[in-house]
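Just below is one structure, and these are the notes that go with it.
The values are calculated or read from the model by the stated rules, or taken from the named source; none is laboratory data. All values reported here derive from a predicted model rather than from experimental measurement. All Cβ positions, even for glycine, are placed from backbone atoms using ideal geometry, and neighbour counts span all protein chains on display. Each accessible area value is taken on the protein alone, full model and side chains, heavy atoms only, with ligands, DNA and RNA left out. Shrake-Rupley method; radii C 1.70, N 1.55, O 1.52, S 1.80 Å.
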Amino acid sequence: MSISRRVFLRNAAIASTLLTIKNNAIAKAAERTGIKDFYKDDFRIGTAISTSTLLKNDEHMLGLIAREFDAITPENCMKWEPIRPHDKEWDWAAADKFVEFGQKNNMYIVGHNLVWHSQVPKEVFQNESGGTITKDALTIKMQDHIAKLAGRYKGKIHAWDVVNEAVEDNGSWRKSQWYKIMGEDFIAKAFRMAHEVDPTAHLIYNDYNTETPVKRDFIVGMVKKFKKQGVPIQGVGLQEHLSIDGPSVGEIEKTILALANIGVRVHVTELDVDVLPSVWNLPTAEVSTRFDYTPERDPYIQGLPKQVEEKLAKRYEDIFKIYLKHRDKIDRVTLWGTTDGETWLNDFPIKGRTNYPLLFDRGFQPKSVYFRLLDLKK
Ligand code: XIL
């Protein structure tokens, strides 16, 4: 058994005994030994919290998150559709709990997100008679949304994903409703508005497939232009929805270097590693992508074979070695969820599969990949 596994098991045992006798001081000390502490001199280690964890107040999950992570992102509850299903209707329940949990545990709290083409009601882009809203009216709506959402948590949220996924994989503007109605200017406007509402928040542009050369170049060009124009942007988020086979860590490294070179901080915002067979040509995290279920596309229902588990651990190790090499450029590495049981990749892009992309298994236990990442820091 490796030293880190022994340390982990010992600490977990201590923590659970102490929890029962409620000896706070020592329990706190034992709790402070999650993966975040191994990486404390490098970057924060974060996770995404699901709406059901927050609303059910799932103590098992929240306890694990508090021990292991020091940064949090809401998986869904701050997106436009769930938080504002209609223009005049807000649902703050989960988002308020999310911020409260982060504050209680002294965490780096990320807001996700202010402007995105997905998970946004159609109504946002319509006028009262159901036609397309004008540019001016949409600009006012964007302003109102940012003022209310970022304004409510002003001074509490450390970083905002201001604009999510405005660029296509082929290195062109995504022709979203935001783009079609407001023009490419919608991005700079959103950043200026967010800065005005909460001047201390760190503002991020967030996207997937940032390792694809044409997409990387386009994003770098966009951010460079923003910096020149004084648009308040301080970070770029690499979602890092990766597969076990690619992209290469060399391409990931090129993106980190290119961004650091133009003076923005790098955030890994949504890391997970898909182990299931890929059934499409391009890897994509575009959330509307759907494929049919077939048993061949879901081969690990009974468990992950040892050699695939080893391949996954090696893949994570290679990825983290690159992050560690560039720890001076990276503020945070956030995983998109905590346990394999809750990952969105069980339902994306095919509903109902059994995936294994995260650090903890379905029984909330750390996987071999977790220990591999601790070993990197020994
Ligand atoms: C995903 C969530 O994990 C799912 O629960 C939801 O159904 C769809 O969105 N890029 C993003 C995230 O920025 O917000 C997405 O999250 C995953 C891709």
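Using every pair of alpha-carbon atoms in the chain, split the distances into 20 Å bins beginning at 0 and state the percent of pairs per bin, rounded to integers. All Cα pairs considered, the percentages come to 28, 59, 13, 0. Against the main long axis of the alpha-carbon atoms of the chain, helix 59-68 sits at an angle near 90°. Explain nothing, just compute: Karplus ³J(HN,Hα) = 6.51 cos²θ - 1.76 cosθ + 1.60, θ = phi - 60°, for every residue of region 211-223 in order, whole Hz, x for Gly and Pro. 3J(HN,Hα) across region 211-223, in whole Hz: 8, 6, x, 5, 6, 4, 4, 5, 5, 4, x, 4, 5. Taking every DSSP helix (H) stretch of at least 4 residues in the chain, weighting each as -39,500 (n - 2.57) and dividing the sum by the residue count yields a mean residue ellipticity at 222 nm of -12500 deg cm²/dmol.
Residues whose amide H lies under 5 Å from that of Ser243, counting only those 5 or more places away or on a different chain, are Asp274; hydrogens are built 1.01 Å from N in the peptide plane. Over region 121-205, what percent of the accessible surface lies on carbon and sulfur atoms, probe 1.4 Å? Of the solvent-accessible surface of region 121-205, carbon and sulfur hold 49 percent. Near the amide H of Ile45, within less than 5 Å, lie the amide hydrogens of Asp70, Ala71, Val333, all on another chain or at least 5 residues away, with H placed in the peptide plane.
Average accessible surface for the chain: 43 Å² per residue, computed with a 1.4 Å probe over protein heavy atoms with every protein chain in place. 3J(HN,Hα) along region 305-319: x, 3, 5, 6, 4, 5, 5, 5, 4, 5, 4, 4, 4, 4, 5 Hz, from the Karplus curve 6.51 cos²θ - 1.76 cosθ + 1.60 with θ = phi - 60°, whole Hz, x for Gly and Pro. Straight-line cross-link reach from Lys306 at under 16 Å between alpha-carbon atoms covers these lysines, not counting any fewer than eight positions away in the same chain: Lys314, Lys367. For the chain, averaging the sequence separation of C-alpha pairs within contact (under 8 Å, six or more residues apart) and dividing by the residue count gives a relative contact order of 15 percent. FRET efficiency for the pair Glu100 and Phe291, taken as 1/(1 + (r/R0)^6) with r the Cβ-Cβ distance and R0 = 45 Å, rounds to 0.75.
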